[in-house]
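Just so it is clear, none of the values below were taken in a lab; they were calculated from the coordinates. Remember, it's a predicted structure, so these values are computed and weren't measured experimentally. No Cβ is skipped: glycine too gets one built from the backbone with ideal geometry, and neighbour counts run over all protein chains shown.
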Amino acid sequence: MACALRGHDLGARVVILEKSPVYGGATAMSGGVVWVPDNPQMKNRGISDSREEGLEYLRGITEGRVRDERLVAYVDNAKRVLAYFEGHSHVRLDSLDQYTDYYPERPGGKPGGRSMEPVPFDASCLGEQFERLRSPHPQSQVLGRFGISAREAHTYLVNDLRSKLLLFWRLVQYGLRWPKRRGFSRDTRLYAGNALMGRLRRSLMDRDVPIWLEVGAEELVVEDGRVTGVLTDDGRRIRAERGVLLGAGGFESNAQMRGQHQPRILTEWTASSPFSMGMGIQLGRAAGGVVDLMDEAWWTPTTRIPKGRVAWVLVVEKNLPGGLFVDGEGRRFTNEAAPYLDVVKGMLANGGVPVCWMIFDAEFRRLYPVGPVAPGYAQPDSRVSRRLLEGFLTRAPSLPELAEKLELPADTFQATIERFNAMAARGVDEDFGRGESLADRYYGDPRVQPNPCLRPLTRAPFYAIPVYPGDLGTKGGLVTDPSARVLNAEGSPIPGLYAAGNTSSAVMGPSYPGAGGTIGPALTFGFIAAETACPQ
Ligand SMILES: Cc1cc2nc3c(=O)[nH]c(=O)nc-3n(C[C@H](O)[C@H](O)[C@H](O)COP(=O)(O)OP(=O)(O)OC[C@H]3O[C@@H](n4cnc5c(N)ncnc54)[C@H](O)[C@@H]3O)c2cc1C
């Protein structure tokens, strides 16, 4: 959609093909956060940044896996794309001054400000196109009814009077929106990825750029080595004089491709869209494009509830004090509060079956949400459905009984908890350094000191939920150059063919710079592709 917008403004006739009955893709399901180094809002919030620091940071965390020109293209263009959107579209982003980079202590890392979230959006101006926008991920909805911003979600963790009043006010506002909501099937005030895609859609509607729903790209037309069009799954042939951008997402929902490139990972562990079937990558390969990073993903621990449509992301829970992860042997194996990508890398490096358990005590259960279960003060166990109590939340009156229910070796499990509790009481995780980084503490509980990510598990009953090596999408795909052109085996661009988002091999390499590290590049390289295809 970013490519379509810029392409239109440069004089091209553009059409977006969308295979599913709704547009927005995984982006609409997401937090919608966009990572923009050296963005102008940082200065207004008192955070210094520069092109050089952004580059230094990316060069460090990508470990030499990404060509420098692409990193430079990203750092130089992300803020330019942001400025263009602000000047020429409805897209508006708000810098999150406390949302730290995922490695803030690395050279060039920042304690906040580079991650930006979409400003909430009134979707009633989309008319019937609102009903065609993919719904948000269920975990982003309060009481299953309305969204909240990332900034606000962070304040709810503290659960003080201010956050309670804010939540109450949001409920009142939701009620007051009833007249507006009446004509639609869901709340009209959009947040996060839905706000981003709603804003982009409105901007495209202003330009009369169409999205053809339920029309999938099935084959690329190649003439004399140049991509000149697309054959669609409903039998149309579309001629593309300037080019074709493949932006069809990753392959996280394609079991066959997963089996080939990530054999230990199941498609049911992803939190992403069922339409991420790797079709864009396949089309690009058939036209001669090469791929990279196919064994990588935007990893995150996830959990699943019985009969749930999609996996739930465990980004917040894993950092909060009073809980820990253990493997099938009852042992801790990683820093649970590390960036979510690294937690799954820890799960995969641990050998054996990558599935593990999150263990927590009654105090944790009382204070914090766990997947779809609200904190105990709002939803005590007596109000948790049988479906969740029987198939998701394991509960036991003592640690040995919990070990028995989970079929963990009781002695090892007991020793793990005792060691964890002793370290937590001192606030120092000697084994994995949990809570040492500023990034770990972002989702900690600031009321718990000296380490907001550590508290001993003492209060019965004790609980467990399953944890899977899930993802927010895959990151391997077509290799592209700084102009978003797809490259062939000789390293030359395939004329007329571009790729962006998870269809392309990630500019972030095997790493994840901060929240927004996937959508930022998708927008930026989509935009650049349009400028390459339509030179001014
Ligand atoms: C719960 C959750 C939260 C997340 N939060 C964030 C966040 O805050 N920030 C961030 O940066 N990332 C986040 N992510 C990751 C991010 O959402 C994805 O990496 C990103 O949206 C991928 O964008 P994309 O453009 O590659 O694909 P998509 O947004 O999925 O778009 C691809 C589109 O192509 C369509 N399509 C597929 N095949 C075809 C075909 N053959 N023909 C036509 N159309 C086709 C799909 O239906 C889809 O609509 C999150 C992910 C999840 C699941």
From the P(r) of the stretch 1-71, can you give the percent of Cα pairs sitting at distances over 19 Å? 62 percent
Everything considered on the Cα gyration tensor (a ≥ b ≥ c; rounded for a/c under 1.5, else prolate if a/b is larger than b/c, else oblate), the stretch 129-180 must be described as oblate
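Can you list the trypsin sites (Lys or Arg not before Pro) in the stretch 291-339 that are in a DSSP coil and have 10 or fewer other beta carbons within 10 angstrom?
Details: sites: Arg304, Lys307, Arg309, Lys318, Arg331, Arg332; in loops: Arg304, Lys307, Arg309, Arg331, Arg332.
When the trypsin sites (Lys or Arg not before Pro) of the stretch 291-339 are filtered for loop state and at most 10 Cβ neighbours within 10 Å, Lys307, Arg309 remain.
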Projecting each Cα onto the charge dipole of the chain (Lys/Arg +1, Asp/Glu -1 at the beta carbon, about the Cα centre), which of Gly427, Gln379, Cys534 comes out farthest on the positive side? Gln379
GluC sites (Glu not before Pro) restricted to the stretch 186-252 and DSSP loop, no more than 11 other C-beta within 10 Å: Glu241
Inter-site label distance for Val353 and Ala422 at 7 Å from Cα along Cβ, in nm: 3.0 nm
Can you compute the modelled spin-label distance between Ala460 and Arg309, with each label point 7 Å from Cα toward Cβ, in nm? 4.1 nm
The answer for GluC sites (Glu not before Pro) in the stretch 394-484 that fall in a DSSP coil and have at most 10 neighbouring Cβ atoms within 10 Å is Glu407, Glu430
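What number, rounded to the nearest 500 deg cm²/dmol, is the helix-based mean residue ellipticity at 222 nm of the chain, given -39500 (n - 2.57) per DSSP H run of at least four residues and division by all its residues? Before the final figure, lay out the partial values.
Working: 18 runs with 174 residues, N = 536.
My calculation for the chain gives -9500 deg cm²/dmol from helical runs alone.
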Taking a ≥ b ≥ c as the square roots of the Cα gyration tensor eigenvalues, with a/c under 1.5 meaning rounded and otherwise prolate when a/b beats b/c, else oblate, which class fits the stretch 188-282? oblate
Compactness relative to 2.2 N^0.38 Å, alpha carbon Rg of the stretch 242-394: 1.22
Under the Kirkwood approximation applied to all pairs of distinct alpha-carbon atoms, what is the hydrodynamic radius of the stretch 1-143 in Å? 17.2 Å
If you look at just the Cα atoms of the stretch 415-466, how large are its Rg and its Dmax in Å? 11.3, 31
Suppose every K and R has +1 on its Cβ and every D and E has -1 on its Cβ; what is the size of the dipole of the chain about the Cα centre, in Debye to the nearest 20? 1780 debye
Check: the stretch 455-536 dipole with +1 on Lys, Arg Cβ and -1 on Asp, Glu Cβ, in debye: 500 debye
With a 20 Å threshold on alpha-carbon distance, the violating pairs from Lys43/Lys79; Lys110/Lys345; Lys43/Lys110; Lys307/Lys345; Lys164/Lys307 are Lys110/Lys345; Lys307/Lys345; Lys164/Lys307
Separation of the stretch 408-472 and the stretch 488-536 by C-alpha centroid, Å? 38 Å
How big is the Cα convex hull of the stretch 327-453 in projection, averaged over all directions, in nm²? 8.2 nm²
Would you calculate the separation in nanometres between label points at Tyr174 and Lys43, each defined as 7 Å from the Cα along the Cα-to-beta-carbon direction? 4.0 nm
For the stretch 51-80 versus the stretch 331-384, the gap between their alpha-carbon centres in whole angstrom: 33 Å
Give the whole-number value, in cubic angstrom per residue, of the convex hull volume spanned by the C-alpha atoms of the stretch 415-535. 160 Å³
Remind me, what semi-axes does the chain give for its equivalent ellipsoid, largest first in whole Å, using sqrt of 5 times each Cα gyration tensor eigenvalue? 39, 25, 23
So, by mean Cβ neighbours within 10 angstrom, what's the order for 515-521, 279-285 with the highest one leading? 515-521, 279-285
Prolate/oblate/rounded label for the stretch 224-267 (Cα gyration tensor, a/c 1.5): prolate
